[in-house]
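Working notes for the structure below.
Quick note: the coordinates plus some simple rules give every number you see, no bench work behind them. Note that the structure is predicted; figures quoted are calculated from it, not measured. We place every Cβ from the backbone using ideal geometry, glycine too, and count neighbours over all the protein chains shown.
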């Protein structure tokens, strides 16, 4: 399957520039060498960072999400409570009222209809974060709900809030684009991304949704100097680590050990990865690759997601 163009169905559409986004690496299997990426040492801790107090942390809850939306949001709050070293407040932008802990503030994004486009994922509404009229925070941290915060966030926050760019985002693990699971956003900085979508601009996209659109808008409007990236060892892809482990168990273990956050994109999500059936499947695969000792620490990740201490 080739890449797709996101279409607004308006006469103002522009033809996609094939140089704007190259997603061949993702589709033809010739992925970026993940092990090589993760070998790069990162010694870029900033001396100081101006982190808001309290720190606004934003997440989204769309639709049913496997029937576990409230569970995922609540567990994100639990992980932040354990690992965020600064006072924070979690804001959940949602399309419907949710049964969530009272400490989580809900914001209604059900009316962001201009961000609904045929063929685009519901997550496209995340582009509303670049509309200063929708978000009241000058600077904030965005987190997907389908990730695990596995250790203290001090280094990640220091890096994110010391940088001068309007957006700090994750470099995609398998191509030159972005992954929008973790972002530090300055509210007034990249309104042109939101405006481009509302105007009906289209770009070549591997996955028709927010993150490929952000990348396309940044390239077309030459906004690269406004965008910074998290160090590659701070946010790991669960699926990518599994792939790395097939070639190098030691390298895969190192990736997880260094990561502050592990993102579960695509399939499996956390509730699937921590089910007995998947655990047996992964363990058999690891053994068949010659790894008697487990490569992926599923038990520890599960404990972190559930908020349990080891041994429980």
So how far, in whole Å, is the C-alpha centre of the range 259-297 from the one of the range 208-236? 28 Å
Using alpha-carbon pairs under 8 Å, 6+ residues apart, how would you state the relative contact order of the range 235-306 in percent? 35 percent
Quick one: the Cα spread of the range 61-147 along its three principal axes, in angstroms, biggest first? 39, 33, 21
Residues 289, 271 in order from fewest to most other beta-carbon atoms within 10 Å are 289, 271
Using Cα pairs under 8 angstrom and six or more residues apart, how large is the relative contact order of the range 167-251, in percent? 34 percent
Normalised by the number of residues in the range 55-229, what is the relative contact order in percent for Cα pairs under 8 Å and 6+ residues apart? 24 percent
Shape verdict for the range 235-306, please, from the Cα gyration tensor: rounded (a/c under 1.5), prolate (a/b greater than b/c) or oblate. oblate
Cα gyration tensor, the range 55-229 - rounded (a/c under 1.5), prolate or oblate: oblate
By the C-alpha gyration tensor axes a ≥ b ≥ c (rounded if a/c is under 1.5, else prolate when a/b exceeds b/c, else oblate), the shape of the range 158-312 is prolate
Ranked from fewest to most other Cβ atoms within 10 Å of their own Cβ, 305, 112 fall in the order 112, 305
Proxy reagent accessibility, fewest Cβ within 10 Å first, across 240, 108: 108, 240
So how do 187-199, 291-303 stack up, highest first, on mean other-Cβ count within 10 Å? 187-199, 291-303
